[in-house]
Amino acid sequence: MAIENVVQTENELIKLAQTGDRSAFAKLYDFYMRKIYDFVYYKTMQKEQTEDIVSQIFLKAWKNINSYQQNSFSAWLYTIARNTVIDFYRQDKNNRNIDDFWDLASNDDLLAKVNNSLQLQKIKKLMINLKSEERDIIIMRFWLDLSFKEIAERLSKNEGAIKMSLKRTLDKIKGEALWSLIIAFPQIENIWKKMS
Amino acid sequence: MEKNELENILDELYHFYPELKQKEQELIVLIKEMKSSRPEIEFDETFARNLRQRLLKVPVKETKKFNFNIMNKKIFIAAGSLVVISLLFIVAINIFGPNKTDDNLWSITPLFNNKEEESQIAYLPSGSFGSLSDLRMTSGDASQEEMITTGVSKDDLTAVSAEGKVDYSPVATAVGMGAGMNIDARMILPIYAGFDYKYSGDEFNLEQTSALVYRRLKNENSLGRDLARTLNSFNFPGINLDTFSNLKVNSISFGEDKEQGLLINFELKEGSLYIYENWEKWRIAEREACGSNQACWDRFRIRIEDVPTDSELITVANNFLSEHKIDLANYGEPQVDNQWRTYYEYAEDKANYYIPEQATVIYPILIEDKPVRDQSGNYSGLRIGINLFFNKVSSLNGLIPYNYEASAYDLETDSARIIALAEKGGWNRNFYNISKEENKNIVELGTPEFSYVQMWRYKDNTSVELFVPALIFPVTKRPEIGYYGNNYVVLPLVKELIDDIEKEEQNWNMLRPLDSPVSINAISEGLEGTSTMPVEIKAEE
């Protein structure tokens, strides 16, 4: 969902921002900042890195606001976000093929620092086998609670493609996921037994 | 997880893939666990507020489009003139970017000079700039090519070895003259000064195994070609520009037609701006009339009491930059270049010591908040020259856009090795260590500071500017007289450069110190076997 307020539509704000109107861009920032922050956080799992990257994303967006010519501002912004996360990781020579935190081969220390570390360690084993976009869909649907329509808009895809991608992703991870989740959370075993 | 939410997800999936319903329980477990493993987000409201404020201070680039195709040289000559004038503004804008101020004026404030805009650094895979070994060509240790470019031929430097074999060696720079200095064969080489560098700073560890090397992007774009195309529409007397092909405008100059006026030069190819004196407007007629009257000339010499204090010089420079709306966002705190004062203090006849007529204020370039230095360890960046006769800014150089590529290189991590090389004089050794007595002429080095050192790579008639991570060791204690070396010893941290320096250090050990001054001509004439032989050269392997 884009900005829909009683005063100005998102498109009006963008046009004003493109003329140099800072207050218009500030409104866009207010609306999208937390959404982008959360998305980036789930791709870095660290507050400091998230702050660095989010700063870069909005600086890029503001600086390049005149180059925005697409139909969806949120898609444009999320594209900047995804690319900035990738750039952030790839600036380290050892991370040339890294798209986000979930691609990192070894980060046990880091995982230990974040909340739900035990659960995350299991989730990570699932996520590392997914493509970057598949992970984004998981993050957006299950952690950011975005609808398929909203995910489709942000990833510049149609809704059907997103659902198909999620289905494939779930197919890919469900076998391994269930076993690893059972190991991690014995209480699930009861559910599993009932299902069987 | 609320039941409705779960149902919504399932319904959405079933709508497209009804067959999934057969595995509903599996899906429910999976979805619930994916949801329950959602990490808690740490979010700082202050960060969000601060970022908002920072964003509102950043100027945004406005898109300006010009259509050159509609120009008609006969009908639209007046309009064409306007376009040219506009283009000249665009030159500044393209090089240094627009900054729309509240006054609605275009200034030459560099858009790219806002250090917060980290997007102006493009991060490339490691090692993208190739081997850095060729950077040594431009440093103080001369290579064969460098000697030729500095006016020193092999013949000038010919010496005869103890074995009677004729060879050549970088004598000129071995005595500290460095690159870029013209050397006359009649010059008397100074005796090697005997100084021992000794590290007396704190212990330090080098744990970082790699760091970024930066390469400046020069912003070369189609602007020069567009300008040339537009200027073609004018009838220049004496020549028809249309007869030339693929024209580009490489530079544009403006001159202030007034007393103490300045020349402003945009170098489009280099992406830089220079300002210097419009010479005709800075003449001192009374001095020019002195002829051969030395007393008259002396009246116009700058005396030590004429030199303003550092803070006064910095104020003059700051006022100039402020008046011309030159943004310093990407430059560090200004410092006055006072190197001449060291030599002045050493001079016995201070009354006749020549004090430079121009003072220089340096605003060091900052790359990712780290200051840039030159190969001698002095700050490098925006240099403002102040003519001390008029107490006015007379030159500016080093104003460059904040636009770099970065690539990681392996670093040396052995601090003992670094210190050992620092005690040999580092990257640009000026004095060959010949001390024979213990503790004779000790120059002490303090704890180093991390910085980037500006280097140039000259290849295929083009120059590339690189910024290399380095340690800067300050000279903290020097002999009371006679030390004309640098105030810093510089050592790059990039491993391959350290390897090169160490290799060269081994070559240095093949040199034997001079006992007395000898002219280069004398060397070339071959004083074989005498005690005044300046250098013992061993044939290179």
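The values are calculated or read from the model by the stated rules, or taken from the named source; none is laboratory data. As the structure is a computational prediction, the values presented were derived from the model and not from experiment. Glycine also receives a Cβ, built like all others from the backbone with ideal geometry; neighbour counts cover every protein chain displayed.
Give all pairs with beta carbons closer than 6 Å in which a residue from the range B:336-347 that is in the same structural domain as B:I384 (by TED's automatic domain parsing) meets a residue that is not aromatic (F, W, Y); count only pairs at least 6 apart in sequence or on separate chains.
Pairs found: B:V336/B:D310; B:V336/B:L313; B:V336/B:V361; B:D337/B:T360; B:D337/B:I362; B:W340/B:P356.
Based on this model, can you work out whether B:P371 counts as part of a strand (DSSP E or B), at pLDDT 85 or above and within 30 Å of B:V468 (Cβ to Cβ)?
Yes: the conditions hold for B:P371.
So A:K35 ticks every box in (1) more than 11 Å from chain B (Cβ to nearest Cβ); (2) over 13 Å from the mean Cα position of the chain (by Cα); (3) of a type in the set (K, R) but one. Which box is left unticked?
(2)
Counting only residues that are without any contact (Cβ under 8 Å) to a residue 60 or more places away in the chain and basic (K, R), which one in the range A:136-162 is farthest from B:I28 (Cα to Cα)?
Checked the range A:136-162; the qualifying residue farthest from B:I28 (Cα to Cα) is A:K157.
I'd like to verify a number: residues in the range B:324-350 that are in a loop (DSSP other than H, G, I, E, B) and not hydrophobic (A, V, I, L, M, F, W, C), how many?
11
Give the range B:38-59 a look and list any residue that's of a type outside the set (A, V, I, L, M) and modelled with pLDDT under 75, or say none.
Result: B:K57, B:P59.
Answer yes or no: is there a residue in the range B:60-70 that is within 7 Å of chain A (Cβ to nearest Cβ) and at pLDDT 70 or above.
There is no residue in the range B:60-70 that is within 7 Å of chain A (Cβ to nearest Cβ) and at pLDDT 70 or above.
Hey, any hits in the range A:146-153 for a residue that's at pLDDT 80 or above, within 9 Å of chain B (Cβ to nearest Cβ), within 28 Å of A:K47 (Cα to Cα) and touching a Lys or Arg at 6+ places or on another chain (Cβ under 9 Å)?
So far as the range A:146-153 goes, yes, one or more of its residues are at pLDDT 80 or above, within 9 Å of chain B (Cβ to nearest Cβ), within 28 Å of A:K47 (Cα to Cα) and touching a Lys or Arg at 6+ places or on another chain (Cβ under 9 Å).
Specify the residue that is farthest from A:K163 (Cα to Cα); the eligible residues are those in the range B:9-25 that are at pLDDT 75 or above and facing chain A (nearest Cβ under 8 Å).
The residue in question is B:Q25.
What are the residues in the range A:43-72 that are more than 7 Å from chain B (Cβ to nearest Cβ), part of a helix (DSSP H, G or I) and not aliphatic (A, V, I, L, M), if any?
Within the range A:43-72, A:K43, A:T44, A:E48, A:Q49, A:T50, A:D52, A:S67 meet the criteria.
Please determine whether any residue of the range B:474-487 is under 17 Å from B:Y379 (Cα atoms), at pLDDT 90 or above, under 24 Å from the mean Cα position of the chain (by Cα) and not basic (K, R).
yes
Here's the yes/no breakdown for (1) surrounded by fewer than 16 Cβ atoms within 10 Å (Cβ to Cβ); (2) within 23 Å of the chain's Cα centre (by Cα):
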| site | (1), (2) |
| --- | --- |
| B:K350 | yes, no |
| B:V361 | no, yes |
| B:E368 | yes, yes |
| B:S376 | no, yes |
| B:Y379 | no, yes |
| B:I384 | no, yes |
| B:L399 | no, yes |
| B:S407 | no, yes |
| B:E412 | no, yes |
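Exactly one condition in (1) at pLDDT below 80; (2) facing chain B (nearest Cβ under 10 Å); (3) farther than 22 Å from B:A408 by Cα is not met by A:Q91; state its number.
Every listed condition holds for A:Q91 apart from (3).
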